[in-house]
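Q: Next up is a structure, given as structure tokens.
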Ligand SMILES: [Ca+2]
Ligand SMILES: [Ca+2]
């Protein structure tokens, strides 16, 4: 009987130890561990961080690398933690692309981040943001159309510098761009 109790005790001890070890696996390497210093890294966010984004382009992307080469679940979230979409079979060192199913508003800032989970890791990227692109004729993107926008066209008249001064997108800055701005004169999008 004592022998039997002893066996059960040893068995319980083994099970308990296994559970403790299993719980500890989630990711704390020690300096003796061959995976010491292993990490997940995030790069090349799209839309580019702190940029103005075409409101018809709904793709979001991130490049993820996993030092242990594991397959990952990569999820994209708005800053309030709402899930945008995810890919649960992302391979190592790859760019993950998802598509937002909603609509972007012009002039509105969107804050987002990415979360990665794999056998070993559960990591979160830093926070990124972009803004829905301003109307073409609001050249300085300050949410109203006024003399400042007209002056941008005037100052670049007959230039081929284009950029946002080429409101019509034909490669030149001329009277057509000026009249496009004047057509929207006084508009307030704030
Ligand atoms: Ca403006
Ligand atoms: Ca033009």
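Q: Exposure proxy check: 81, 184, 63 ranked by fewest other beta carbons within 10 Å? Please list the in-between numbers first.
A: Values: 81 8, 184 17, 63 14.
The order, fewest Cβ neighbours first, is 81, 63, 184.
Q: When N counts the residues of the range 28-172, how does its alpha-carbon radius of gyration compare numerically with 2.2 N^0.38 Å, as a ratio? Before the final figure, lay out each step's value.
A: Numbers: Rg = 20.3 Å, N = 145, 2.2 N^0.38 = 14.6 Å.
For the range 28-172, the normalised Cα radius of gyration comes out at 1.40.
Q: Further, regarding this structure: Kirkwood hydrodynamic radius, computed over distinct alpha-carbon pairs, for the range 67-112: how many Å, to one decimal? Can you show the working numbers first?
A: On the way: mean 1/r = 0.0816 Å⁻¹.
One over the average 1/r among Cα pairs gives 12.3 Å for the range 67-112.
Q: Next up: State the dimensionless ratio Rg/Rh of the range 64-148 (Rg: radius of gyration of Cα atoms; Rh: Kirkwood radius). Write down the numbers at each step before the final one.
A: Details: Rg = 17.1 Å, Rh = 14.9 Å.
Rounded to two decimals, Rg over Rh is 1.14.
Q: Calculate, in nm to one decimal, what residue 175 and residue 154 gain on full extension: separation in residues at 0.36 nm each, minus their alpha carbon distance. Display every interim value, and only then the final one.
A: Working: separation 21, 0.36 × 21 = 7.56 nm, distance 0.89 nm.
So the extension gain works out to 6.7 nm.
Q: Now for a separate question. Rg and Dmax of the range 136-190, using alpha carbons, in Å: what are they?
A: Here Rg and the maximum Cα pair distance are 10.0, 31 Å.
Q: Additional query: Using a 7 Å offset from Cα along Cα-Cβ at residue 85, what residues in the range 43-72 end up with backbone N under 16 Å from the label point?
A: Only 46-47, 55-63 fall inside the zone, counting backbone N under 16 Å.
Q: What is the extension gain from residue 119 to residue 92, computed as 0.36 nm multiplied by their sequence separation minus the C-alpha to C-alpha distance, in nm to one decimal? Don't jump to the answer; show the numbers that get you there.
A: Numbers: separation 27, 0.36 × 27 = 9.72 nm, distance 1.27 nm.
Stretched fully, the residue 119-residue 92 segment lengthens by 8.5 nm.
Since every read-out is calculated from the coordinates, none of them should be taken as a lab result. Everything numeric in this text was worked out from a predicted model, so none of it was measured. Every residue, glycine among them, receives a Cβ derived from its backbone with ideal geometry; neighbour counts consider all protein chains shown.
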